[in-house]
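To start, the structure under review is shown below, and the notes come after it.
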Amino acid sequence: MANEEAMEPVYEEVVKWKTLSLTHVEYPEGDKVGKYFAIYSLAPLVIAIVLATLFVSRRDLHTATLGVGVILNHILNQVLKKMYAEPRPVIRAVVLEEHGWPSNHSQYMWFVCIYAVLFIQCRLHFRWSWSEVAWKFLAISGSLAAAVTMSYSRVYLQYHTVDQVVAGSVIGSISAVVWFLVTQYCLTPYFQTITGWRISEFLLIRDCTPIPNVMWFEYLSTRGEAAKRKKKERKVQ
């Protein structure tokens, strides 16, 4: 009996490996444009890291609500994909996500870019001048160009059809407008109350909504504080 048990074959457990879809992008070998688009497809991940870093460094509630909006937009995309279950145009050797409607990358980028356009146009005001009009125009044009490039890249790399990309773009844009309005008229009135909480004071959470141009305000405040400290140091010396 002991010999029979020893002779029984040992079956090794088969381990299934899965590719991390967050960073896995394929492109035609030797295609430089495709390589650029493949690298550019990582933009949503970069934006998510930038938003997280921005919130940790600035502790602004508006940045936090934008992050929440990005998460909700992604959840909406996943729900729609499971509901419609439309396949992707090309079946690849490595299957990351079989459903393609609507395009997640397009929906993500259009959400962030349209929200940025609304924020720049409605929230960033200091004084009317041609320089302000110029930089706003460049910022808005750059945001829209980034969204269009992402949408085109998904079709170019054959991850999505034109219909899937258009659907993602439209849904992402509408979601951005809705979330901006919710933030502006439903959440912003409570920001002052939230910043007054003890936990918010402990975490240095702040509300920059009343400030028309946060970048200009922080620049002047930092420069003024630095000048005062230099004067004090000179007096001490």
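The values are calculated or read from the model by the stated rules, or taken from the named source; none is laboratory data. Predicted, not measured: the structure shown is a model, and the values here were computed from it. For neighbour counting, all protein chains shown are included, and Cβ atoms are generated from backbone atoms with ideal geometry for every residue, glycine included. Ligands, DNA and RNA are stripped out before the accessible areas are found, and what is left, the full protein with its side chains, is counted by its heavy atoms. Shrake-Rupley method; radii C 1.70, N 1.55, O 1.52, S 1.80 Å.
Some observations on this one:
- Candidate set: the stretch 113-131, residues that are open to solvent by 50 Å² or more (accessible area, probe 1.4 Å) and not in a helix (DSSP H, G or I); chosen: the one nearest to Ile75 (Cα to Cα): His125
Yes or no, residue by residue, for (1) over 17 Å from Phe119 (Cα atoms); (2) open to solvent by 90 Å² or more (accessible area, probe 1.4 Å); (3) part of a helix (DSSP H, G or I):
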residue: Ile194; (1), (2), (3): yes, no, yes
residue: Ser200; (1), (2), (3): yes, no, yes
residue: Leu204; (1), (2), (3): yes, yes, no
residue: Ile211; (1), (2), (3): no, no, no
residue: Glu225; (1), (2), (3): yes, no, yes
residue: Lys230; (1), (2), (3): yes, yes, yes
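Okay, residues lined up against (1) over 17 Å from the mean Cα position of the chain (by Cα); (2) among the aromatic types (Phe, Trp, Tyr); (3) modelled with pLDDT under 95; (4) surrounded by fewer than 18 Cβ atoms within 10 Å (Cβ to Cβ):
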position: Phe111; (1), (2), (3), (4): no, yes, no, no
position: Val133; (1), (2), (3), (4): yes, no, yes, yes
position: Lys136; (1), (2), (3), (4): yes, no, yes, yes
position: Val162; (1), (2), (3), (4): yes, no, yes, yes
position: Ser175; (1), (2), (3), (4): no, no, no, no
position: Trp179; (1), (2), (3), (4): no, yes, no, no
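- Leu220 vs. criteria outside any helix (DSSP H, G or I), farther than 26 Å from Pro44 by Cα and of a type in the set (A, V, I, L, M): no
- Per the listing Val79, Val56, the residue uniquely among the hydrophobic types (A, V, I, L, M, F, W, C), in a helix (DSSP H, G or I), modelled with pLDDT of 90 or more and open to solvent by 60 Å² or more (accessible area, probe 1.4 Å) is Val79.
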